[in-house]
Amino acid sequence: MQRLLTGLQPSGVLHIGNYLGALKPFSELYFSFESFLMVADYHALTTLRQKDELRSNIRDIVKSYVAAGIDPNKAVIFQQSRVQEHTELAWIFECLVTVPFLELSHAYKDKLAKGLEANVGLFNYPMLMAADILLYDTDVVPVGADQRQHLEYAREAASKFNIAFGQTFKEPQAKILDSVAIVPGTDGKKMSKSYGNTIPLFEPKDVLVKAVMSIVTDSSGERPENVYQVHRHFRAEAELESLYSAHKGKYKVLKEALIEDIDAVVKPMREKYASISDSDVATILEKGSANAREYASKKMYDVREKIGVSI
Ligand code: AMP
Ligand code: TRP
């Protein structure tokens, strides 16, 4: 069986863009592979400074994996920071890959272009992600199109290591989940926690109602495009065409229809989410991380041998 590994950063509360672009495809793919689903908490540390927020986001990711239909007995759900081999291997890759190569990273360049100061963790981010993937001899990495470059970095790190120290790492394949287009947020731009334009996933229904009602509409086109572009992920386009033409100009009615369509999908997941306690999360992460550590420690044993630090 091929091995699959992917991860989500616990850097905010998940929204319906994360569901459609990541959680849903993961839940459809994972059982055809030996799957590792990671909570990338050390990646989130590049942006988060509030410990309570990080702790609650970590739990949110685990509950979200399970609520989206992933069975923790059929996939290894684990926490990056609990498998110390990840940061150890990242250091080794950092000694092999050059500064100019990392300077090409889109995430890093975007930060600089915005006039923001990038911390070293953000700069090295692709090497930690390479370690996440390569430690497990991963075959397939399902990620959104925005992560394509990170996969290139992982392949480069594998190749640099293999050339320097002998064949050790498998070069992984990206499985770009681009069948789902970018889901727009309430302002029509890409839905993203950093734009504050999200429609929440597991929050109570009144929060969903508020978010959908706040979708910006303009009267210039045939239909409220910002509403439609979210709606088409929840109902067949043929049905939507007639709904939107029957209620032309009635934005409130259309938004109410969208709320009900989102709620029909989200309600059972919201209930599942609520049924998972913090202590369930602790158990899942304890077991998953122990399981992951078994693979990672074997791999690192080999790596330490190869680079010459084991004497
Ligand atoms: P983020 O933590 O914002 O990078 O999101 C994690 C993953 O969720 C991304 O790699 C995408 O696969 C997915 N995702 C995030 N925002 C959207 C969006 N607006 N539309 C579709 N997929 C998204
Ligand atoms: N960088 C990914 C994101 O922001 C999260 C991530 C961290 C990841 N490590 C990974 C994804 C390893 C796949 C494999 O979405």
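The values are calculated or read from the model by the stated rules, or taken from the named source; none is laboratory data. Model, not experiment: these values are computed from the prediction. Every residue, glycine among them, receives a Cβ derived from its backbone with ideal geometry; neighbour counts consider all protein chains shown.
Numbers at a glance
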| read-out | value |
| --- | --- |
| Of all residues making up region 42-65, the number that are in a loop (DSSP other than H, G, I, E, B) and closer than 23 Å to GLU85 by Cβ | 3 |
| Residue pairs meeting the criteria (Cβ under 7 Å; at least 6 apart or on separate chains; first assigned by TED's automatic domain parsing to the domain that holds PHE26 and without any contact (Cβ under 8 Å) to a residue 40 or more places away in the chain, in region 136-149; second surrounded by fewer than 17 Cβ atoms within 10 Å (Cβ to Cβ) and among the aliphatic types (A, V, I, L, M)) | ALA145/ILE176; ARG148/ILE176 |
| Residue check, PHE169 in contact with a Phe, Trp or Tyr (Cβ under 8 Å, 6 or more places away or on another chain), among the aromatic types (Phe, Trp, Tyr) and assigned by TED's automatic domain parsing to the domain that holds ASN18 | yes |
| Positions within region 275-311 being of a type outside the set (D, E, K, R) and free of Cβ contacts under 8 Å to residues at least 60 places away in the same chain, in sequence order | SER275, SER277, SER279, ALA282, THR283, ALA290, TYR301, GLY308, VAL309, SER310, ILE311 |
| One residue from ASP60, ASP41, ASP71 being more than 30 Å from GLU156 (Cβ to Cβ) and within 13 Å of ligand 1 (Cβ to nearest atom) | ASP60 |
| Unique residue being more than 17 Å from LEU23 (Cα to Cα) and assigned by TED's automatic domain parsing to the domain that holds LEU258 when the list is PRO204, PRO126 | PRO204 |
| Extreme residue, farthest from ligand 1 (Cβ to nearest atom), among residues of region 180-201 that are assigned to a loop (DSSP other than H, G, I, E, B) and under 16 Å from the mean Cα position of the chain (by Cα) | LEU201 |
| Test result for LYS111, modelled with pLDDT under 90, more than 16 Å from the chain's Cα centre (by Cα) and on the phi < 0 side of the Ramachandran plot | yes |
| Residue match in region 144-154 (condition: away from ligand 1 (no atom under 16 Å from the Cβ) and surrounded by fewer than 21 Cβ atoms within 10 Å (Cβ to Cβ)) | no |
| Test result for LEU48, touching a residue at least 60 places away in the same chain (Cβ under 8 Å), over 13 Å from the mean Cα position of the chain (by Cα) and in the same structural domain as ALA282 (by TED's automatic domain parsing) | no |
| Residue selected from region 3-28 under the condition in a helix (DSSP H, G or I) and of a type in the set (A, V, I, L, M), by the criterion nearest to ligand 2 (Cβ to nearest atom) | ALA22 |
| Complete set of residues in region 224-273 that are under 23 Å from HIS15 (Cβ atoms), in a loop (DSSP other than H, G, I, E, B) and either free of Cβ contacts under 8 Å to residues at least 60 places away in the same chain or touching a Phe, Trp or Tyr at 6+ places or on another chain (Cβ under 9 Å) (or both) | PRO224, ARG232, PHE234, ARG235, ALA236 |
| Qualifying residue in region 197-207 (condition: within 16 Å of ligand 2 (Cβ to nearest atom), within 30 Å of LEU135 (Cβ to Cβ) and not small (Gly, Ala, Ser)) | yes |
| Search result, residues across region 116-169 that are farther than 30 Å from SER27 by Cβ and hydrophobic (A, V, I, L, M, F, W, C) | LEU116, ALA118, VAL120, PHE123, PHE161, ILE163, ALA164, PHE165 |
| Residue check, LEU112 surrounded by 22 or more Cβ atoms within 10 Å (Cβ to Cβ), assigned by TED's automatic domain parsing to the domain that holds GLU28 and away from ligand 1 (no atom under 16 Å from the Cβ) | no |
| Sole exception among (1) away from ligand 1 (no atom under 11 Å from the Cβ); (2) modelled with pLDDT of 95 or more; (3) in contact with a strand residue (DSSP E or B) (Cβ under 8 Å, 6 or more places away or on another chain) for PHE161, by number | (3) |
| Those residues of region 45-99 which are surrounded by fewer than 14 Cβ atoms within 10 Å (Cβ to Cβ) and aliphatic (A, V, I, L, M), in sequence order | VAL99 |
